[in-house]
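Please read the structure below before turning to the comments.
The values are calculated or read from the model by the stated rules, or taken from the named source; none is laboratory data. Quick caveat, the model's predicted, so the values are computed rather than measured. FYI the Cβ positions are ideal-geometry reconstructions off the backbone, even for glycines, and counts take in every protein chain you see.
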Amino acid sequence: MEISNGLEDVCIKNTALTFIDGEKGVLRYRGYGIKDLVEKCSYEEVSFLMLFGELPDRKELAQFTSDIQKGYALPEFTRRVISSLPDDSDALSVFETAFASLSCGEDGFVWSRENIARKAPEALGRASAVVAAAFRHMVDKEMKMPVPTDSYAGSFLNACFDGDVSRQSVTVMNRALVLYADHEVPASTTAAIVSCSTLSDMYSSIAAAVAALKGPLHGGAAEAAYAQFEDIGSPENVDSWFQKNVVEGRRRLMGFGHRVYRTYDPRMAIFKSMARELSTSAEEKRTLEIAEKLEKLGVERFSPKQIFPNTDFYSGTAFKCIGFPIHMFTALFALSRTVGWIAHMSEYIENGGRIMRPRANYTGHGPRVLQSASQK
Ligand code: CMC
């Protein structure tokens, strides 16, 4: 049997959702370029596009937005689950646990178009409430459920923070949500598809995706990338840090490299410009300078191997400027990607996707005579 380590170049489904040209650095959702979507669309519009195939008209958008808002009120049992978790829980673990709890009562979930149209907006509303609750749990503040405003991003930020949230933060949050909404079939989406292929329910399958997202090689890379900037501490230390850790220590540069892109990840430049736009305090400017110096050294060293900065290199810098601590970054990614997971699962089932059941090539012992401890 031929083994593809890491499923490299294995195609697991047809998709009309997301197109990536890894050689040219192109990313499109249902035919629309990522830059256009970021500049012109709300996350709600992009979510509708991903789930139903076309951008919504005004009436469809109003209905979809109202359906999302119905999901803002989390069930009491999920609120209790979140409140009972340790104070130092990272937000993604809270997300994972909360979504696993939301699967209670979902036995026999059917992956029909009607159910997705009803349950997907509910899940998006709940994701917003869960991530906001995870944040407030982390910073030891009383839970606040999102309340409807003129945008999903704004309602989410208002549920996280006390006081006024700036228009600029809402715009950047919306853009970040659009940027992370889907990316074909990375590990987390594949985990979701494996789960739903058994006809498991939507919430359980999202929890499976979140588990796969957590690691530093995937969604956790934004936190790992930012941790490097903190570790470096000052722009003057970048060269020596890089030499010691990356050149001599052979440590991976986090926020660099991608299985599909052999050039710059197109999302990276957009996150970088948002990080630049938001970095106004001395500390923010210092972090940005560290990141930009590190990017330059990384590109010099790794571009001959076609390794370039990816979306996670600057996203944390932008999130930090909005006011989120490092252990929120992966949860913010998950918040956005929830729609991509649902859209891919729904597409897989609709296209007649079978249960995922690959094989493993056996390399162990041949037949052996068994002698248990009591027989020896
Ligand atoms: N720094 C240094 N070397 C690297 C890096 C890196 N960030 N990424 C890959 N390489 C090298 C690796 O050492 C290997 O070298 P060699 O052939 O000499 O042994 C070669 O490139 C191939 O690496 P690989 O791990 O086999 O490649 P992969 O396609 O399996 O892994 C990756 C892709 C994203 C896991 C990897 O590039 C990586 O670990 N990057 C750092 C973590 C990161 O930023 N992840 C975010 C990915 S993008 C957004 C997301 O998915 O969330």
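Observations on the model:
- Qualifying residue in region 287-304 (condition: among the aromatic types (Phe, Trp, Tyr) and within 23 Å of the chain's Cα centre (by Cα)): no
- Residue match in region 228-244 (condition: within 16 Å of the ligand (Cβ to nearest atom), closer than 14 Å to Ile290 by Cβ, within 18 Å of the chain's Cα centre (by Cα) and among the hydrophobic types (A, V, I, L, M, F, W, C)): no
- Considering residues of region 304-321 that are touching a residue at least 60 places away in the same chain (Cβ under 8 Å) and among the charged types (D, E, K, R) only, the residue surrounded by the fewest Cβ atoms within 10 Å (Cβ to Cβ): Lys320
- In the set (1) in contact (Cβ under 8 Å) with a residue 40 or more places away in the chain; (2) within 15 Å of the ligand (Cβ to nearest atom); (3) surrounded by fewer than 16 Cβ atoms within 10 Å (Cβ to Cβ); (4) closer than 26 Å to Asp182 by Cβ, the condition left unmet by Ala225 is number (3).
- Condition check for Asp201: surrounded by fewer than 18 Cβ atoms within 10 Å (Cβ to Cβ), of a type in the set (D, E, K, R) and either more than 27 Å from Asp9 (Cα to Cα) or more than 20 Å from the chain's Cα centre (by Cα) (or both): no
- Filter result for Ala91 (crowded, with 21+ Cβ neighbours inside 10 Å, touching a helix residue (DSSP H, G or I) at 6+ places or on another chain (Cβ under 8 Å) and either at pLDDT below 95 or assigned by TED's automatic domain parsing to the domain that holds Arg30 (or both)): yes
- Just one of the listed residues (Gly298, Gly366) is without any contact (Cβ under 8 Å) to a residue 60 or more places away in the chain, in a loop (DSSP other than H, G, I, E, B) and not acidic (Asp, Glu), and it is Gly366.
- Residue satisfying all of: in region 285-334; among the aliphatic types (A, V, I, L, M) and over 22 Å from Phe95 (Cβ atoms); farthest from the ligand (Cβ to nearest atom) among these: Leu288
- Which numbered condition Tyr72 fails, given (1) in contact with a Pro (Cβ under 9 Å, 6 or more places away or on another chain); (2) assigned to a helix (DSSP H, G or I); (3) of a type outside the set (S, T, N, Q): (2)
- Of all the residues in region 248-263, those that are surrounded by 13 or more Cβ atoms within 10 Å (Cβ to Cβ) and either over 27 Å from the mean Cα position of the chain (by Cα) or more than 10 Å from the ligand (Cβ to nearest atom) (or both) number 2.
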